[in-house]
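The block underneath contains the structure these notes are about, expressed in structure tokens.
Just so you know, all these numbers are worked out from the coordinates, no wet-lab data involved. Everything numeric here is computed off the predicted structure, so don't read it as measured data. All Cβ positions, even for glycine, are placed from backbone atoms using ideal geometry, and neighbour counts span all protein chains on display.
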Amino acid sequence: DSGVTQTPKHLITATGQRVTLRCSPRSGDLSVYWYQQSLDQGLQFLIQYYNGEERAKGNILERFSAQQFPDLHSELNLSSLELGDSALYFCASSEGPARATDTQYFGPGTRLTVL
Amino acid sequence: AQSVTQLGSHVSVSEGALVLLRCNYSSSVPPYLFWYVQYPNQGLQLLLKYTSAATLVKGINGFEAEFKKSETSFHLTKPSAHMSDAAEYFCAVRGHGSSNTGKLIFGQGTTLQVKP
């Protein structure tokens with residue numbers, strides 16, 4: 001158990017809908033990262049927050065957005081869903097923003113299926 | 001731009017045999033390198049990491065990796081495979097210095113099969 005929790009574990013929805021994925025980082029970790037794992041794209045970095053502020057953005061679609069709240073939990077919002085958004089979405093957390101000693105601990109993931 | 005290439009999407013070994021999973025990196029800055037393992041239906045677990053200290057890095061479950069700058073490689077090895085090592089393994093790179101972000105760039109992954 002990494003200490004990172006993600007809810008829900010599974011999500012099945014229809015095209016055009018909007019969903020919210022939730023992540024709680026390990027106690028004491030200030031950075032949260034979101035990654036997408038799909039068969040065709042592999043594991044891709046989406047976005048990083050550090051202590052409530054956006055730190056880095058990867059290949060995140062405009063239909064996707066995220067935020068980190070004062071209690072440090074994070075939410076990833078996916079809207080106007082398409083079939084191709086079906087994937088495993090991982091959240092990871094680390095203590096700092098980008099120090100050598102920072103290790104990213106991954107949650108169990110949320111499996112999103114868009115029908 | 002940073003990237004990693006994992007040579008071989010599938011590797012099959014017999015139980016007790018040497019495990020060698022290959023990873024080559026490309027980075028314009030000194031890299032931090034990582035190996036993660038993903039068991040079925042689970043998240044990623046860190047095996048080991050290189051952060052410019054010793055070039056031979058020992059990790060969990062008997063795995064180790066050697067950073068070779070001249071070959072831009074960071075191959076993962078284990079002297080004797082166990083059935084429980086069957087999983088998908090990911091190599092990842094992160095730059096440091098001016099990039100100031102912890103984002104990881106992953107390779108495509110290597111599925112390790114261990115035969116009895």
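Summary table
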item	result
Cut-off 11 Å (backbone N to label point 7 Å along Cα→Cβ of residue A:38), residues of the stretch A:74-94	A:82-88
GNM top mover of B:29, B:57, B:93 - chain B, alpha-carbon springs below 10 Å	B:29
Antiparallel bridges, percent of DSSP beta bridges restricted to the protein assembly as shown (to nearest 5)	90
Only Lys, Arg (+1) and Asp, Glu (-1) charged, at Cβ; the protein assembly as shown dipole about Cα centre in debye	240
Options A:14, A:94, A:56, ranked by Cα towards positive dipole end of chain A, top entry (Cβ charges)	A:14
Eligible lysines near residue B:115 by straight Cα distance, threshold 27 Å, same-chain separation 8 or greater	B:58, B:78
Shielding by partners - mean other protein chain Cβ count within 10 Å, residues of A:97-105	6
Cα-centred dipole magnitude for chain A, charges only on beta-carbon of K, R (+1) and D, E (-1), debye, nearest 20	140
Antiparallel bridges, percent of DSSP beta bridges restricted to chain B (to nearest 5)	90
Inter-chain Cβ neighbour average for residues A:46-52, partner chain, 10 Å	1
Most positive-pole-ward Cα, B:8, B:81, B:26, against dipole of chain B from beta carbon charges	B:26
Charge dipole magnitude, Cβ of K and R +1, D and E -1 - chain B, Cα centre, debye nearest 20	240
Burial ranking of peptide ranges A:104-110, A:8-14 (average Cβ count within 10 Å, highest at the top)	A:104-110, A:8-14
Local electrostatic count, residue A:11, Cβ distance below 14 Å [Lys/Arg +1, Asp/Glu -1]	+2
Shielding of B:102-113 by partner chains, average beta-carbon count, 10 Å	5
